[in-house]
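A short write-up of the structure that comes next.
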Amino acid sequence: MPARLALWLMVPVVAGCAMLQENGAKVAGGVGAAITASELDLFKTEFIGGALIAYAIYDPLAPTWTISVTRLDEERVRFDLRMKSLVTGGEGEARQVFMRNAREIAESKGFAGYDVMRFEEGIDSTRPFAQRVASGEVRYRRSRTFPGI
């Protein structure tokens, strides 16, 4: 009887371990980082304040590109893209972001397709950090076969 009880009590433990296999490394890494920071006395006010300032400047959860869309007429739209000042990657994705947004507008507004009329990339040398910028113009097309769509 006690062996059966022990077996039944082990089932939730084994199931829990199976679920933790996917996120176990993340949990272990977080716990290890917290223990290391505690041993190095990094939980002092000045360190926490510095970390919060760095987080506010860098803001890893903010989108890499800001996009402004200007409607030029019934069929044409201009996109102006500006990259964050402090980034870790994403330098070559301006055209990809541009095309993705052009496609999303075409699909949401019921256009059959679009033509890229102009696209250019560059660097805006602002102080204290330079920023990557891109600009482009898109002409949307209605369907000729099904004009009501």
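The values are calculated or read from the model by the stated rules, or taken from the named source; none is laboratory data. Given the structure is predicted, the values throughout are model-derived calculations rather than measurements. Positions of Cβ are generated from backbone atoms using ideal geometry, with glycine treated the same way; all protein chains shown enter the neighbour counts. Accessible surface areas use protein heavy atoms only, side chains included; no ligands, DNA or RNA. Shrake-Rupley method; radii C 1.70, N 1.55, O 1.52, S 1.80 Å.
The solvent-accessible area of Lys44, taken with every protein chain present and a 1.4 Å probe, is close to 100 Å².
Taking the protein heavy atoms of the range 93-146 in the context of the full set of protein chains, the accessible area attributed to carbon and sulfur is 45 percent at 1.4 Å. Largest accessible area first, the residues Met117, Met83 order themselves as Met117, Met83 under a 1.4 Å probe with ligands, DNA and RNA left out. For GluC sites (Glu not before Pro), the sites in the range 65-149 that DSSP calls loop and that have at most 14 other Cβ atoms within 10 Å are Glu74, Glu75, Glu91.
Accessible surface area normalised per residue over the range 107-149 is 74 Å², counting heavy atoms of protein chains with a 1.4 Å rolling probe. For Thr64, the accessible surface of its heavy atoms amounts to roughly 50 Å² (probe 1.4 Å, protein chains only, rounded to the nearest 10). Taking amide H as placed 1.01 Å from N in the peptide plane, Ser85 has no amide H partner under 5 Å among residues 5 or more places away or on another chain.
Among the protein heavy atoms, those of Asp124 account for about 50 Å² of accessible surface (1.4 Å probe, every chain in place).
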